[in-house]
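Novice: Before anything else, here's the structure in question.
The values are calculated or read from the model by the stated rules, or taken from the named source; none is laboratory data. All of these numbers come straight from a predicted model, not from anything done at the bench. Every residue, glycine as well, gets a Cβ built from its backbone with ideal geometry; the counts of neighbours run over all protein chains shown.
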Amino acid sequence: MSEARIELDRALPGELLQRTSGGIASYLHYPVFSWPWLRRRTLFFGLAFLCFGTLSALGTWLQRPDSVRALSVMLHFTLGALLITTAGPLLATLVRQRRWPRQRERILVVLGLLLGVMCSFATDAWTSKAIEANLAFERGPEKPNVAGAAMLVNVVVLTIIYGLFGGGLALRRYFEEPRQLVELLRERELAELRARNQALDAKLGLLQAQIEPHFLFNTLAAVRSLIGSNPAVATETIDALVDYLRATIPRLRADALDSTLGQQLEIIESYLKLMHLRMGRLAYELDVSPSLRSVSFPPLLLISLVENAVKHGVEPKPGPGRISVRAERRPDGLRVSVIDDGVGLRDGSGAGVGLRNVREQLRARYADRASVTLTGSASGGVVATIHIAPGEASA
Amino acid sequence: MIETRILVAEDEAPQRDALLALLAELWPQARVVAACADGLEAASALEREQPHVAFLDIQMPGASGLDLAASFSGRAHVVFVTAHDEYAVRAFEHGAVDYLLKPVRRERLSETVSRVKARLGERPAALVELLGQLRRDLEASTQHEPLKWITASYGETVKLYTLDEVLVFHAQDKYTRVLTATDDALIRKSLRELLQRLPPDEFWQVHRSVVVRAAAIESVTRDALGKHWLKLKGRTDTLPVSASFHARFRGL
């Protein structure tokens, strides 16, 4: 696998930041040991040290109001601390800027930071002396003969401190960056695949128009019965069936995904007419103004709701049933409702596929702008409503 | 010999008429005592007319042909009529005399008629076993199948929610509160009942009375008393987390 190359002059991808982000420390948003990183880091640390420097200057000044002395303390503190934290990273940045092969870059970056640590010893010694010289209180006489072991401990501790602030933390990030980037790319790829998968699923849902065997065979049985007794109605039933099948049978054409509300209402009308002819007790009405019929509307969603209303609402209820379809355009968007007076809502698990499919189709097409809701009253009857808020795609 | 009494139950009129016409032609000696348009009508006609033979459509409003057969078990010879039904074969195995697939054809119906005639002398088969079997099937399917939607009362109305909308189930006495991104509804099911049918990787029980959608958890915080509280994305409510569920959040 080819390793991901990090763009040095650009901010890191947003997803990485969520894991590493450091609030006001905006330098963390850039690749380690890059110029933008170093600039922001230096500014950040510089300001921080300036605050501390000012505080210690204030302290000395309170002890003895000598402005020159206080100023000297401040400058020494700020510059010294800045040098300690920045020398190593500066060298590492110079190294990284050359874009050498990775192995070489890594070795030189580490060497640069070590050199920085050494600088830190010198800087620390220099500034500490200068600051101490300025301090009012008398120190006891220096003890030059520090025991060897204590000296060693001192050096180790200082090295750790210098190391940490002088680029050690950055070094860790430097080594982690490529891995994180690879991980990120993989995650992005995965997310993309997932999104594509979802879109395909949505399309598949459309193509697998579910013509229920129960519906088909019952209709054919009805037609067969009518042929002898009432040929005119038999013909009507077959015509309605053909219209319905033509509209719902899976199509693999590209324009299968485009349709208007008017086209969808035609499908619904042929289906309801068919069911009316079969059941006799089913009445229906479509209450949609002609101006709304040309509005673009996703295919096969409304028919799914109407089929549900017949199958789960009117069919299980003895006696006459009624289904109305209404559409209206309001300022908050297009609202299309399927209203039945059937048995009402019941908990279930099996046949939820239809509604789920409708919801997925809407999500794939409109994201959060569209919704489908089912409401019912205790006495029975269900209102299923598709709402599509205004936006580019619904015009 | 006494006259054979037949009941026909079929909710679609054209099919009912066609079946009656065919029966009249193929079995002129029998008398149709009731032609019913739905399950309720058929149920009362069965009791009233006490037919010898019942032709029952399986899918009907009011009561299904299977329900009718089971409740009138052992009192009539049953022939099921169905457009397409996975139960038909099983019904046949459990004692129905025959089952007819729609559209019903003359030759097939004439076979059925002779089969029924041959059995008329015998006692009708008990179909109680069928009901038991169907009930077991139904229970098995509802227990194993995860819940996909629920109906909950929201103010004055009943509203249907798909499971993917639900963020929290919160037990309250005999009821369970259902929180979605926008609604706060009530269902008449206990949390325990619901839990069995929720996908465990999607919903976590974080408290005796709280089940949350794992993906909707925003944060878990500890208050001054050491109690843990959970906050959800997109909602302001805070929910309790019991001690035994803390471990779940250590890894977050």
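Novice: When you look at B:ARG197, is it touching a helix residue (DSSP H, G or I) at 6+ places or on another chain (Cβ under 8 Å) and modelled with pLDDT under 85, yes or no?
Specialist: yes
Novice: Here is a follow-up. State whether one or more residues within the range A:296-307 are in a loop (DSSP other than H, G, I, E, B) and within 14 Å of chain B (Cβ to nearest Cβ).
Specialist: no
Novice: Let me ask something else. Which one of these is out of contact with any Cys (no Cβ under 6 Å at 6 or more places or on another chain), assigned to a helix (DSSP H, G or I) and within 17 Å of B:ARG108 (Cβ to Cβ): B:ALA69, B:ALA24, B:ALA43? Outline the logic, then answer.
Specialist: Details: B:ALA69 fails: within 17 Å of B:ARG108 (Cβ to Cβ); B:ALA43 fails: within 17 Å of B:ARG108 (Cβ to Cβ).
One residue alone meets the criteria, B:ALA24.
Novice: Any chance you could count how many residues in the range A:203-228 are farther than 15 Å from A:MET279 by Cα, within 14 Å of chain B (Cβ to nearest Cβ), assigned to a helix (DSSP H, G or I) and modelled with pLDDT under 90?
Specialist: Residues flagged as farther than 15 Å from A:MET279 by Cα, within 14 Å of chain B (Cβ to nearest Cβ), assigned to a helix (DSSP H, G or I) and modelled with pLDDT under 90 within the range A:203-228 amount to 2.
Novice: Another question, then. Answer yes or no: is there a residue in the range A:326-341 that is within 9 Å of chain B (Cβ to nearest Cβ) and modelled with pLDDT of 80 or more.
Specialist: no
Novice: Within the set of pairs 6 or more residues apart or between chains, which connect a residue that is more than 18 Å from A:LEU300 (Cβ to Cβ) and within 14 Å of chain B (Cβ to nearest Cβ) inside the range A:362-377 to a residue that is surrounded by fewer than 21 Cβ atoms within 10 Å (Cβ to Cβ) and modelled with pLDDT of 85 or more with Cβ atoms less than 9 Å apart?
Specialist: A:ASP368/A:ALA389; A:THR373/A:VAL383; A:THR373/A:THR385; A:THR373/A:HIS387; A:THR375/A:VAL383; A:THR375/A:THR385; A:GLY376/A:VAL383; A:SER377/A:VAL383
Novice: A:LEU200 - would you say it is within 30 Å of A:ALA92 (Cα to Cα) and either modelled with pLDDT of 75 or more or in a helix (DSSP H, G or I) (or both)?
Specialist: no
Novice: Count, please, the residues in the range B:172-196 that happen to be among the acidic types (Asp, Glu) and part of a strand (DSSP E or B). Spell out the reasoning first.
Specialist: First, the residues of the range B:172-196 that are among the acidic types (Asp, Glu): B:173, B:183-184, B:193.
Narrowing the set further to residues that are part of a strand (DSSP E or B) leaves B:184.
Residues in the range B:172-196 being among the acidic types (Asp, Glu) and part of a strand (DSSP E or B): 1 in total.
Novice: Would you mind stating whether A:LEU302 is touching a His at 6+ places or on another chain (Cβ under 6 Å), under 20 Å from A:ALA240 (Cα atoms) and touching a residue at least 40 places away in the same chain (Cβ under 8 Å)?
Specialist: No: the conditions fail for A:LEU302.
Novice: Now, a different point. Of all residues being within 14 Å of another protein chain (Cβ to nearest Cβ) and in contact with a His (Cβ under 9 Å, 6 or more places away or on another chain) in the range B:74-106, which is modelled with the lowest pLDDT? Just the residue, please.
Specialist: Out of the qualifying residues, it is B:ASP85.
Novice: Testing B:ALA35 on (1) of a type in the set (A, V, I, L, M); (2) within 21 Å of B:LEU109 (Cβ to Cβ); (3) not in a strand (DSSP E or B), one condition comes back false. Which one is that?
Specialist: Of (1) of a type in the set (A, V, I, L, M); (2) within 21 Å of B:LEU109 (Cβ to Cβ); (3) not in a strand (DSSP E or B), only one is false for B:ALA35: (3).
Novice: May I ask you to verify whether A:LYS143 is of a type in the set (Lys, Arg) and at pLDDT below 75?
Specialist: Here the answer is yes, as A:LYS143 does meet what is asked.
Novice: Out of contact with any Asp or Glu (no Cβ under 6 Å at 6 or more places or on another chain) and within 23 Å of B:ALA13 (Cβ to Cβ): which single residue out of A:PRO318, A:PRO290, A:PRO331, A:PRO231 fits that description?
Specialist: A:PRO231
Novice: Mind listing whichever residues of the range B:203-223 are surrounded by fewer than 16 Cβ atoms within 10 Å (Cβ to Cβ) and part of a loop (DSSP other than H, G, I, E, B)?
Specialist: Of everything in the range B:203-223, those that are surrounded by fewer than 16 Cβ atoms within 10 Å (Cβ to Cβ) and part of a loop (DSSP other than H, G, I, E, B) turn out to be B:ARG208, B:ASP223.
Novice: Has the range B:50-60 got at least one residue that is more than 10 Å from chain A (Cβ to nearest Cβ) and out of contact with any strand residue (DSSP E or B) (no Cβ under 6 Å at 6 or more places or on another chain)?
Specialist: yes
Novice: Looking at the range B:31-45, which of the residues that are in contact with a Ser or Thr (Cβ under 8 Å, 6 or more places away or on another chain) and more than 10 Å from chain A (Cβ to nearest Cβ) is surrounded by the fewest Cβ atoms within 10 Å (Cβ to Cβ)?
Specialist: B:ARG31
Here is a yes/no grid of residues against (1) away from chain A (no Cβ under 14 Å); (2) part of a helix (DSSP H, G or I); (3) within 21 Å of A:ASN357 (Cα to Cα):
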position: B:LEU147; (1), (2), (3): no, no, yes
position: B:LEU160; (1), (2), (3): no, no, yes
position: B:HIS170; (1), (2), (3): yes, no, no
position: B:LEU198; (1), (2), (3): no, no, yes
position: B:LEU225; (1), (2), (3): yes, no, no
position: B:LYS231; (1), (2), (3): yes, no, no
position: B:ARG235; (1), (2), (3): yes, no, no
position: B:SER244; (1), (2), (3): yes, yes, no
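Novice: Would you mind finding the one in A:GLU285, A:GLU328 that is acidic (Asp, Glu), surrounded by fewer than 17 Cβ atoms within 10 Å (Cβ to Cβ), under 17 Å from A:VAL382 (Cα atoms) and more than 31 Å from the chain's Cα centre (by Cα)?
Specialist: A:GLU285
Novice: Among the numbered criteria (1) closer than 30 Å to B:GLY65 by Cα; (2) part of a helix (DSSP H, G or I), which one does A:GLN263 miss?
Specialist: Failing condition for A:GLN263: (1).
Novice: For the range B:189-201, give me each residue that is in contact with a Ser or Thr (Cβ under 8 Å, 6 or more places away or on another chain) and free of Cβ contacts under 8 Å to residues at least 40 places away in the same chain.
Specialist: B:LYS189, B:SER190, B:LEU191
Novice: Could I ask something else about it? Working only within the range B:172-185, note down all residues that are within 14 Å of chain A (Cβ to nearest Cβ) and surrounded by fewer than 14 Cβ atoms within 10 Å (Cβ to Cβ).
Specialist: B:ALA181, B:THR182, listed by residue number.
Novice: What's the number of the only condition in (1) of a type outside the set (Asp, Glu); (2) in a helix (DSSP H, G or I); (3) modelled with pLDDT under 85 that A:LEU79 fails to meet?
Specialist: (3)
Novice: Still on this structure, please answer the following. Among the residues of the range B:61-73 satisfying the criterion of being of a type outside the set (Gly, Ala, Ser) and farther than 27 Å from B:SER114 by Cβ, which is nearest to the other protein chains (Cβ to nearest Cβ)?
Specialist: Out of the qualifying residues, it is B:PRO61.
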